[in-house]
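Just below is one structure, and these are the notes that go with it.
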Amino acid sequence: MIYKNIPLPVHYTDKLQNNSQTPSLTTYFLENYDTLDPNRTRPLVIICPGGGYDHLSAREAEAIAIRFNAMGFQAALLTYSLAPMEFPAAVCDLAEAVHFARTHAAEWHVDANKIIACGFSAGGHLCATLGCYWNTDLFAAYLPYTPEEIKPNALILSYPVITADEKFCHKKSINLVLGSTQKFTRQDVSLEHHVTADFPPTFLWHTLADQSVPAENTLLFADALRRAGVPFAYHLFTHGRHGLGLATLETSKPDGSAVEPECEVWVDLFKMWWTQMGI
């Protein structure tokens, strides 16, 4: 069962500038069958591709969704706001997606208490932003929902952009997510400073060899999670360039540079962690 391009509500149109995109979900759903379990519900993974907040990487999209389907998850691919935009447009899109999924959980055979936001690179920054701010005043001016309606139950952060520290940040992502109006500051989107005990349980992975988003992004974040007492798993692999996706041929660049056998186990490691967490 596949629904293409389900448009999401946009409540911030008259409150934020330079936001011409229409957020949407492309869904990849497994059917229920009478001969198996007609009442089965599954976790849902909402996938946020990377792309530096100026495009969405196709290598971190459909193949990721299908891989999660193969492990028994429902999956949905989020098309979120890109530059030019104004913060917090993109994270409002993700909050809308979580809310929309929760209100359609029965129709989609989804467990409304098992909604996972999965982000890659800048998409990881997007997911972590929602993790930091879901129960703060940030969304009150833009969305008509309670904090619990937009809270993801867990996060997957794959080589995420996290910090705005000049020494380690991915400058393009940080500049574009803030936008030209600069109503918010770099400190607001330097997420290692905004982790609390209310941050969702998190699985994150990265590589030491990443030259685009240095490993310090996840090292800083893992330390913040640890200090806040947030349940998390962190895997730091030795080899692998930025933007690996599944790290297999399926999500490889034409020259094969995104194939890294050391890292392709991240999906299985996540499944093991998820099962042990019992969320």
(request) Report, in cubic angstrom per residue, the convex hull volume of the C-alpha atoms of the chain. (result) 122
(message) If you roll a 1.4 angstrom probe over the protein chains with everything in place, what fraction of the accessible area of the stretch 179-244 belongs to carbon and sulfur, to the nearest %?
(response) 52
(request) Quick one: what are the phi-derived ³J(HN,Hα) couplings along the stretch 120-133, Karplus 6.51/-1.76/1.60 with θ = phi - 60°, whole Hz, x for glycine and proline? (result) 10, 6, 4, x, x, 4, 4, 5, 5, 4, 5, x, 6, 10
(request) Calculate, in nm to one decimal, what residue 235 and residue 249 gain on full extension: separation in residues at 0.36 nm each, minus their alpha carbon distance. (result) 2.9 nm
(message) Give me the one-decimal Kirkwood hydrodynamic radius in Å for the stretch 92-147, with the sum taken over alpha-carbon pairs.
(response) 12.0
(message) Just to verify a number: FRET efficiency for residue 14 and residue 54, C-beta to C-beta distance, R0 = 25 Å, to 0.05?
(response) 0.55
(message) Going through the cross-link list 114/167; 151/171; 172/271; 114/171; 15/151; 167/253, which pairs have a Cα-Cα distance over 30 Å in this structure?
(response) 114/167; 172/271; 114/171
(message) Rolling a 1.4 Å sphere over the protein heavy atoms, what is the accessible area per residue of the stretch 137-279, to the nearest Å²?
(response) 45
(message) Testing the spin-label approximation: label points 7 Å from Cα along Cα→Cβ at residue 71 and residue 172. State their distance in nm.
(response) 2.8
(request) Return the percentage of antiparallel bridges among DSSP beta bridges fully within the chain, rounded to the nearest 5 %. (result) 25
(message) Amide H of residue 237 versus every other amide H placed in the peptide plane: which residues, excluding those fewer than 5 positions away on the same chain, fall under 5 Å?
(response) 206, 207, 208
(request) Over the stretch 6-48, with every protein chain in place, what whole percent of the accessible area is carbon and sulfur at 1.4 Å, could you tell me? (result) 47
(message) Test of the criteria: in the stretch 1-78, which trypsin sites (Lys or Arg not before Pro) are in a DSSP loop and have at most 14 other Cβ atoms within 10 angstrom of their Cβ?
(response) 15, 40
(request) Report the convex hull volume per residue for the stretch 1-88, counting only C-alpha atoms, in Å³. (result) 104
(request) Return the loop-located GluC sites (Glu not before Pro) in the stretch 1-68 (DSSP other than H, G, I, E, B) with at most 14 other Cβ atoms within 10 Å of their own Cβ; answer none if there are none. (result) 31
(request) With a 1.4 Å probe and all protein chains in place, put 93, 268 in order of accessible area, largest first. (result) 268, 93
(request) Give, in nm to one decimal, the length gained when the segment between residue 223 and residue 107 is fully stretched (0.36 nm per residue of separation minus the Cα-Cα distance). (result) 37.9 nm
(request) For the stretch 148-230, list log₁₀ I(q)/I(0) at each q in 0.16, 0.23 Å⁻¹, using the Debye formula over Cα point scatterers of equal strength and ignoring solvent, two decimals each. (result) -0.65, -1.18
(request) Calculate the spin-label point distance for residue 148 paired with residue 36, positioning each point 7 Å from the Cα along the beta-carbon direction, and give it in nanometres. (result) 3.1
(request) Sum -39500 (n - 2.57) across every DSSP H segment of at least 4 residues in the chain, then divide by the residue count to get the 222 nm mean residue ellipticity, nearest 500. (result) -8000 deg cm²/dmol
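The values are calculated or read from the model by the stated rules, or taken from the named source; none is laboratory data. As the structure is a prediction and not an experimental result, all values here were calculated from the model. Every residue, glycine as well, gets a Cβ built from its backbone with ideal geometry; the counts of neighbours run over all protein chains shown. Note: accessible area is taken over every heavy atom of the protein model, side chains too, but ligands, DNA and RNA are not part of it. Shrake-Rupley method; radii C 1.70, N 1.55, O 1.52, S 1.80 Å.
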